[in-house]
Amino acid sequence: MKVYLDVIWALNLLFDTFLLYLTAIILKRQVKLWRLCVGGAIGSLLIILSITPFHAAAGHPAGKLFFSILMVLAAFGYKRFRFFFKALMTFYVTTFLLGGTLTGVHYFIQFDMNLASNVAMNHIKGFGDPISWLFVLLGFPLAWHFSKRNIEQFEMTKIQYEALATVEVQFMEMDFNIKGLIDSGNQLYDPISKMPVMILSIADCLDSVPSEIKRIAENPDCVLSGEENFSQQLENRMRIIPCKVVGQEHQLIIAFNPDKIKINTDEGTYIAEKGLISFTAQELSADGSFQCIIHPKMMAGMAKQEPTVKVS
């Protein structure tokens, strides 16, 4: 029987890329296509190594674990161990589930050698497993449709109002273009002006923000105690907002009046004409998926929705 190694390698490349794509869907992580392809290419190297003197090492469980780690690192990167370990375990669960499905389909279909000549069947299998090709050809479009249309149905115990949006904030001479979480539980607002407050993390750009903003974000008490002096321009924008935190009755945070808050969502673009921002030096998301918490009122009532222009 002739074996077309290049075709089988291509099958494994597509299949490994498909597994990484399914893993990204389950984790709900935005991964660039080229990273998925690089991860799939690393996994497909096992096919090449199987015909080299290193075939024993490549087939050993430790060797397969090593290549799995490289695949996950290439596709999802490394931010912290928990972030990486979750991706690796999800990748293995996806692999086992799909592998079990493949086995079940094989037993269900059961290619009958009496229905075709041995020559014809050997020729077909020389290009790789037909069931695996079927999974690849049907799996990619189905997974794309699944991730685009139906992933919201699997949001367990999530408030429907919560979502991610792209946020543009202009404050004095600083411009922020970040991801924000629209949180219906955020009820933080100025009790006098009734303006909602957005919490914005500058943990990723502490070295590039003005020293005054950095000091306030790291230690808001320096404003309340009057230990430090700030520019008149900054003080004119400053607001002191009371808030409640778990474990504490009352707490005061420092907020500012920005020049512009623009929120881009799938439904449209909103300009929050009235809103405040409060800087913090702490990370708001453990996996870095968002850098600010958006008050829902910034997208309702006082928000102005920009008209969308359709070009036909």
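The values are calculated or read from the model by the stated rules, or taken from the named source; none is laboratory data. Predicted, not measured: the structure shown is a model, and the values here were computed from it. So basically every Cβ, Gly included, is an ideal-geometry build from the backbone, and we count neighbours across all protein chains shown.
Just checking, does region 96-112 include any residue being out of contact with any His (no Cβ under 6 Å at 6 or more places or on another chain), polar (S, T, N, Q) and at pLDDT 80 or above? The answer is no, given that none of the residues of region 96-112 is out of contact with any His (no Cβ under 6 Å at 6 or more places or on another chain), polar (S, T, N, Q) and at pLDDT 80 or above. Just one of the listed residues (26, 51) is at pLDDT below 85, more than 20 Å from residue 86 (Cβ to Cβ) and in contact with a helix residue (DSSP H, G or I) (Cβ under 8 Å, 6 or more places away or on another chain), namely 51. Which one is farthest from residue 279 (Cα to Cα) among residues in region 177-208 that are touching a helix residue (DSSP H, G or I) at 6+ places or on another chain (Cβ under 8 Å) and either surrounded by fewer than 17 Cβ atoms within 10 Å (Cβ to Cβ) or not charged (D, E, K, R) (or both)? Per the stated criteria, the residue is 184. Do the conditions hold for residue 280, that is, is it buried (at least 16 other Cβ atoms within 10 Å of the Cβ), within 19 Å of residue 219 (Cα to Cα) and touching a residue at least 12 places away in the same chain (Cβ under 8 Å)? Here the answer is yes, as residue 280 does meet what is asked. Does residue 46 satisfy the criteria of being surrounded by 15 or more Cβ atoms within 10 Å (Cβ to Cβ), free of Cβ contacts under 8 Å to residues at least 24 places away in the same chain and assigned by TED's automatic domain parsing to the domain that holds residue 20? Spelling it out, it is not the case that residue 46 is surrounded by 15 or more Cβ atoms within 10 Å (Cβ to Cβ), free of Cβ contacts under 8 Å to residues at least 24 places away in the same chain and assigned by TED's automatic domain parsing to the domain that holds residue 20.
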